[in-house]
1. Could you work out the relative contact order of the chain, using alpha carbon pairs under 8 angstrom and six or more residues apart, expressed as a whole percent?
2. What do you get for the angle between helix 38-48 and the principal long axis of the chain? Use alpha-carbon atoms, 0 to 90 degrees, nearest ten.
3. For the chain, what does the helix formula give at 222 nm: sum of -39500 (n - 2.57) over DSSP H segments with n ≥ 4, over the residue count, nearest 500 deg cm²/dmol?
4. Carbon and sulfur atoms: what percent of the 1.4 Å accessible area of the chain do they account for?
5. Compute the helix-to-body angle for 142-178: its Cα long axis versus the longest principal axis of the chain, expressed 0 to 90° and rounded to tens.
6. Given a 1.4 angstrom probe, what's the average accessible area per residue across the chain, in square angstrom?
7. Give, to the nearest whole percent, the P(r) tail of the stretch 1-109 beyond 24 angstrom, counting all Cα pairs.
8. On a 0 to 90° scale, report how tilted helix 54-74 is relative to the longest principal axis of the chain, with both axes built from alpha carbons and the result rounded to the nearest 10.
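The values are calculated or read from the model by the stated rules, or taken from the named source; none is laboratory data. As the structure is a computational prediction, the values presented were derived from the model and not from experiment. Here the Cβ is made from the backbone with ideal geometry for all residues, glycine too, and neighbour counts use every protein chain on show. Quick note on the areas: whole protein, heavy atoms, side chains included, nothing else; ligands and nucleic acids left out. Shrake-Rupley method; radii C 1.70, N 1.55, O 1.52, S 1.80 Å.
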Amino acid sequence: MAPLNRRDLGLLVLRVGTGAVLAAHGTQKLFGWFGGAGIEGTAQGMEAMGFHPGRESAIAAGLGEAGGGALLALGLATPAAGAAAAGAMAGAVSVHAPAGFFNQSGGFEYPAFLGFTAAAVGIAGAGRYSLDHATDHVLDKPWVVAVAFIGSALAAAAVVGSRVQAAQEEAQGQDDHDEPSEDAFEGHPSEGTQE
């Protein structure tokens, strides 16, 4: 029997731990497990955070976290799993970014850490103690890494960009609504004059 390989054992621990955390978060969104809001509650939250349409955004985020996390834990299709989880975390980072970096102030520290960890495992590969290794890396080829991460980056950029644009349009609409029109002053005496 071959001795345990420390590098591959470390990857196994990192994969299973990170994957389990991501999968738990995803099942909160999709099924309401672990005290989560479920798909309807998550959809409402997504709409409030500027992700439109909310239901589709909730499904995508939930699948990216739950599916990506489960596949990471198993070490199956690891590049796609890491890319999907990292893309979902990019959306979460965009929500938390205005609060700064640190988690205690509502910042993006935690989702960024999960995203970077998922991406690192996706790029490095699952290691020897994985389903990718057992299936002769059929879903863990260099071209899969490139396609998965390029696709995830483009999708995350589109989703985050759409959210930012919607927020800017909403802010512009608020500004236009708050400014009094010229008609509001017509027919009214100016300050300091008496009727």
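1. Numbers: 285 pairs, mean separation 40.5, N = 195.
In percent, rounded to a whole number, it is 21.
2. So the inclination is approximately 40 degrees.
3. Details: 7 runs with 134 residues, N = 195.
Only helices count here, giving -23500 deg cm²/dmol.
4. The value for the chain is 64 percent carbon and sulfur by accessible area.
5. 10 degrees
6. That works out to 60 Å² per residue.
7. 29 percent
8. Approximately 20 degrees, to the nearest 10.
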